[in-house]
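Participant: My structure is below; once you've seen it, I'll send some questions.
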Amino acid sequence: MLLRWGLFLALVAAAAWLLARLWRIIAVGSAYKAKVLSSIIFGTGREIEPQRAEEVSADSYWLMRLFQARVDRAASSVTVSFLGLRRRSAIYRPGHATRAGLSVPWPQGEASAALREVVASAFAEPDPKRLRRTRAVVVVRDGRIVAERYAPGFTEQTPFPGWSMTKSVLGTLIGVLVGEGRLSLHDRALLSQWRDPDPRAAITLEDLLRMRSGLHFSEVYSDLSSDVIEMLFNRSDTAAYAASRPLSCRPGTVWSYSSGTTNILSAIARKVVGEERYSDWPRQVLFDPVGMSSAVLEPDPSGTFVGSSFMLATAQDWARFGQLYLDDGVWEGRRVLPADWVRFSTTPTPQSQGVYGAHWWLKLQPEIGGGTADAARIRSDAFFALGHEGQTLTVIPSLRLVVVRLGLSIYVDAWNHAAFIANLQEAI
């Protein structure tokens, strides 16, 4: 009898665990699809059929087609549910997402036949089962566009999501505040909840920029219970969630890539800038001075910019951002960033074994060709902003080169960025 009861209780517990996990998966799926569709429909202005949008249903995302979406254009919202359960809505808020119009045209340069061939190769699909889906490539040499190409349905006016490329933008905005003397790399006790004797008070601004805060944060997208999924798709205040995480090691001692860290920085910037100015601040201090008129930083429901992941911009405007770093933080004679900020951002963080600087990658990740013979061919001074599904911004100062590649590589290893950049270097 006791054995039967034990088995029964075990089955009940297992069923309860499974139901709780399914309940969570449904909530995350609804939130993810609502956010992505809202960005496409209202952020980029593309006309799509919500239930069949590649961005949320292609390949391994086929399950997302079971989530039903309702678009309310009058309310600028998208609501998604699974069989009517776990409704989640994403709302386009013009106050946070106003674009000033099209960017000023770039100067044009000449492309060699070899360069055109390399760019064209980025749009080929060598494996029909693992599509790369390149949608835009822009190559800038000495401040001039020397090659540019778009997939059908996309143009130089189409804003694209950068996903984690946004981290480099948020780090840049922190650089502006450092240049103004409103923040210091040595600042600590950066949040009201991080005060002595809380050990998180020891975390410095530089620790956050270099991803060595010591905060526990699981950056695992295949695990729907991970911190990054919980933060982005199941919390209304991304920074508060990330800041609530306990320390797993002493600040400054271990490098650990974390989207939560960037959103904490976004909240710190919000506190320093002030509520009245915050929503327009990125445009005033960065986007307008550089001519990135298409750029949109998206906020979470609490109003804090999701600096880890949610920014839209045209391929040309992503290239403008790279050009700012190529030119040491100066745009058309105007210094936008502090004099040493580019050097600081691209100096290796020792704890990262040289792969990461301060919100910029210094080496490519293995999934896109890092650590290969092709990666070894890339100039040693190259640095990168990298994002989900193969978004890449490459800056190579020694070649006066900026390269943007944007796409929808659901199987991210289908895109070998190391080979692309190495071949492009040779063509240049």
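Read-outs throughout are calculated quantities, based only on the coordinates presented, and are distinct from any laboratory measurement. Everything numeric in this text was worked out from a predicted model, so none of it was measured. Heads up, the Cβs are rebuilt from the backbone with ideal geometry, glycines too, and the neighbour counts pull from every protein chain shown.
Participant: Residue by residue through the stretch 230-238, what is 3J(HN,Hα) from phi via Karplus (6.51 cos²θ - 1.76 cosθ + 1.60, θ = phi - 60°)? Round to whole Hz and write x for glycine and proline.
Facilitator: 4, 5, 6, 10, 9, 10, 7, 10, 4
Participant: With n ≥ 4 as the cut-off for DSSP H runs, can you work out [θ] at 222 nm for the chain, using -39500 (n - 2.57) per run divided by the number of residues, rounded to the nearest 500? Before the final figure, lay out each step's value.
Facilitator: Details: 13 runs with 134 residues, N = 428.
So the calculated ellipticity at 222 nm is -9500 deg cm²/dmol.
Participant: Take the alpha carbon atoms of the stretch 171-202, find their center, do the same for the stretch 117-152, and report the distance between the two centers in whole angstrom.
Facilitator: Computed from Cα coordinates, the inter-centre distance equals 40 Å.
Participant: I've got another one for you. Considering the options SER309, PRO366, SER293, tell which one lies farthest towards the positive end of the dipole of the chain, charges being +1 on Lys and Arg and -1 on Asp and Glu at the Cβ, about the Cα centre.
Facilitator: With unit charges placed on the Cβ atoms, the residue in question is SER309.
Participant: With a cut-off of at most 16 other beta carbons within 10 Å, and DSSP calling the residue loop, which GluC sites (Glu not before Pro) in the stretch 308-404 qualify? Please list them.
Facilitator: Working: sites: GLU332, GLU367, GLU389; in loops: GLU332.
Here the sparse-neighbourhood loop sites are GLU332.
Participant: So, counting K/R as plus one and D/E as minus one, what does the shell of residues with Cβ under 11 Å around PRO246 add up to? It would help to have the intermediate numbers written out before the result.
Facilitator: Working: positive: ARG200, ARG245; negative: ASP198.
Here the charged neighbours net out to +1.
Participant: When the Karplus curve 6.51 cos²θ - 1.76 cosθ + 1.60 is applied with θ = phi - 60°, which whole-Hz ³J(HN,Hα) does each residue of the stretch 169-175 get, with x for Gly and Pro?
Facilitator: Along the stretch 169-175, the couplings run 5, 5, x, 5, 5, 5, x Hz.
Participant: What list of ³J(HN,Hα) couplings, whole Hz, do you get for the stretch 322-338 from phi and the Karplus terms 6.51, -1.76, 1.60, once you set θ to phi - 60° and write x for glycine and proline?
Facilitator: 3J(HN,Hα) across the stretch 322-338, in whole Hz: x, 5, 4, 6, 4, 9, 6, x, 10, 10, 6, x, 9, 7, 9, 10, x.
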